[in-house]
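One structure below.
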Amino acid sequence: MNLKDAYNNFKESDNFFISLTRDLTSVLLAVLIFASFSYLVFGMWTPMVAVESGSMEPHMNVGDIVFIQSIDRTQVITYEEGMDSYTSFNSYGNVILYKPYGRDGVTPIIHRAMYHVEEGEPMWEGGPAAPHAGYITKGDNEVTNRYYDQQGQVSYMLPVKEEWVIGVAKYRIPYIGYLRLMLPSF
């Protein structure tokens with residue numbers, strides 16, 4: 001039996017195990033193609049996150065899937081810088097995904113980069129000096145996020161260091177993230 005005959009036999013077989021192998025191979029190939037495409041476009045193998053809270057409403061809602069571009073492939077434009085001519089998600093500047101306090105293994109935060117401070121500068125008007133350079137961040141929801149993250153519990157008194165930033169939010173798809181939110185974490 002030559003290779004072409006073996007392939008046709010594999011492709012057309014009704015045998016349960018061959019059919020299962022064929023289906024699993026198809027799924028694996030589709031995942032590999034999607035992951036490769038994601039890496040080429042966004043610089044990340046898994047460029048999507050599900051929004052878990054209402055802190056970014058009305059621009060991002062619970063259950064939205066947000067595509068993130070790796071920080072290695074883009075730069076952060078803050079709210080302050082964007083006021084000249086740049087908007088994303090219906091407001092000035094970029095929405096960033098970052099590791100709170102730089103910790104791995106915790107749920108990342110997706111909030112807007114409001115402005116950048118250098119070490120020793122006040123973190124906000126009349127506020128304490130920044131212990132290091134970084135971004136001052138805030139959720140877009142004016143009801144639940146009246147203050148900067150650095151004034152509250154999210155990143156208390158610590159600007160977001162550049163190395164804590166995972167990436168910049170680029171696109172969102174409403175509702176699809178509910179599937180991810182219903183699954184248990186692994």
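The values are calculated or read from the model by the stated rules, or taken from the named source; none is laboratory data. For clarity, every value in this text was computed on a predicted model and none was experimentally measured. Quick reminder, even Gly has a Cβ in these numbers, built from the backbone with ideal geometry, and neighbours come from all protein chains shown. Heads up: the accessible areas ignore ligands, DNA and RNA and are worked out on the full protein's heavy atoms, side chains in. Shrake-Rupley method; radii C 1.70, N 1.55, O 1.52, S 1.80 Å.
Numbers at a glance
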read-out: Built amide H within the under 5 Å cut-off of G139, gap 5+; value: R112, D149
read-out: Lys, Arg +1 and Asp, Glu -1 on Cβ, resulting dipole of the chain about Cα centre, debye, nearest 20; value: 580
read-out: Other-chain or far-sequence residues with amide H under 5 Å of I166's (modelled H); value: L97, Y98, K99
read-out: Accessible surface ranking that places the most exposed of R112, R180 first, with a 1.4 angstrom probe; value: R180, R112
read-out: Protein-only accessible surface order, largest first, of W45, W124 at 1.4 Å; value: W45, W124
read-out: Reach of K99 by Cα under 25 Å, taken over lysines that are not fewer than 8 positions away in the same chain; value: K138, K161, K170
read-out: Label-point separation, S19 to L40 (7 Å along Cα→Cβ), nm; value: 3.4
read-out: On Cα atoms only, tilt of 3-12 relative to the major axis of the chain in degrees; value: 80
read-out: Relative contact order, percent, the chain [alpha-carbon distance under 8 Å, six or more residues apart]; value: 22
read-out: Surface accessible to a 1.4 Å probe, L181 within the full protein complex, Å²; value: 60
read-out: Degrees separating the helix 16-42 axis from the principal Cα axis of the chain, which is the longest one; value: 30
read-out: Order of exposure, largest accessible area first, which applies to V117, V143 with probe 1.4 Å; value: V143, V117
read-out: 17 Å reach of a label modelled at E162, 7 Å along Cα-to-Cβ, counting backbone N of region 117-156; value: 117-121, 131-137
read-out: Accessible area (Å², per residue) of region 47-181, counting only protein heavy atoms and a probe of 1.4 Å; value: 52
read-out: Top positive-direction residue, dipole computed over the chain with Cβ charges, set I33, T144, T46; value: I33
read-out: Label assignment, Kirkwood radius over Cα pairs in Å derived from the structure, set (i) 16.9; (ii) 18.7; (iii) 17.4; value: (ii)
read-out: Percent accessible area from carbon and sulfur atoms, the chain, protein chains only, probe 1.4 Å; value: 58
